[in-house]
Amino acid sequence: MTKIKDTALDSFQYAISEYLLRNKSILDQMTKLESSNARINRTLSKAVTHCGCLKVNASKQNYPEDMQPEKISTHLEGKICPNCRDFLEKEIGHHLFYLASLCNNLDLNLYDIIIKELERLNLLGKFNMR
Ligand SMILES: [Zn+2]
């Protein structure tokens with residue numbers, strides 16, 4: 001890591017560099033990151049198909065001219081239940097673990113990346129069409 005900052009994110013990234021014994025190979029990290037991403041989607045899918053706390057009701061988006069975010073549909077109905085929320089949080093945590101380990105291997109700092117992305121977001125505002 002390039003620098004140590006007093007933030008929870010830096011502590012997290014540093015802890016991973018200290019405790020990660022397996023999967024130090026960049027190839028392991030790349031594939032673990034991809035499979036953890038798939039598990040997030042799988043967990044979300046199970047919330048719809050197995051639990052039923054969420055429902056997907058999707059159709060073509062009609063973007064309003066004023067681009068008010070509240071007028072654009074998420075295609076989600078319902079509210080995630082505590083059980084599915086717990087599973088989803090664990091999977092997102094695993095994903096962050098592999099993202100941080102990949103960053104460690106490449107000497108990238110997650111905190112710096114988030115700050116740079118925040119600056120880009122603030123610069124582009126709602127015209128950031130991702
Ligand atoms: Zn649920």
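Descriptive notes on the structure:
- Residue list for segment 53-76, filter: free of Cβ contacts under 8 Å to residues at least 24 places away in the same chain, out of contact with any Leu (no Cβ under 7 Å at 6 or more places or on another chain) and within 16 Å of the ligand (Cβ to nearest atom): LYS55
- ILE72 open to solvent by less than 70 Å² (accessible area, probe 1.4 Å) and of a type in the set (Val, Ile, Thr): yes
- Which listed residue is touching a Lys or Arg at 6+ places or on another chain (Cβ under 9 Å) and surrounded by 11 or more Cβ atoms within 10 Å (Cβ to Cβ), from CYS103, CYS84, CYS51: CYS84
- Screening CYS84 on (1) within 16 Å of the ligand (Cβ to nearest atom); (2) in contact with a strand residue (DSSP E or B) (Cβ under 7 Å, 6 or more places away or on another chain); (3) in contact (Cβ under 8 Å) with a residue 12 or more places away in the chain shows it passes everything except condition (2).
- Scanning segment 87-100 for residues that are open to solvent by less than 90 Å² (accessible area, probe 1.4 Å) and within 16 Å of the ligand (Cβ to nearest atom) returns LEU88, GLU91, ILE92.
- Some residue of segment 71-86 being at pLDDT below 90 and either within 30 Å of SER101 (Cα to Cα) or not in a loop (DSSP other than H, G, I, E, B) (or both): yes
The values are calculated or read from the model by the stated rules, or taken from the named source; none is laboratory data. Since we're looking at a predicted model, the values are computed, not measured. Neighbour counts run over all protein chains shown; Cβ positions are idealised from the backbone, glycine included. Only protein heavy atoms, including side chains, enter the accessible area calculation; ligands, DNA and RNA are left aside. Shrake-Rupley method; radii C 1.70, N 1.55, O 1.52, S 1.80 Å.
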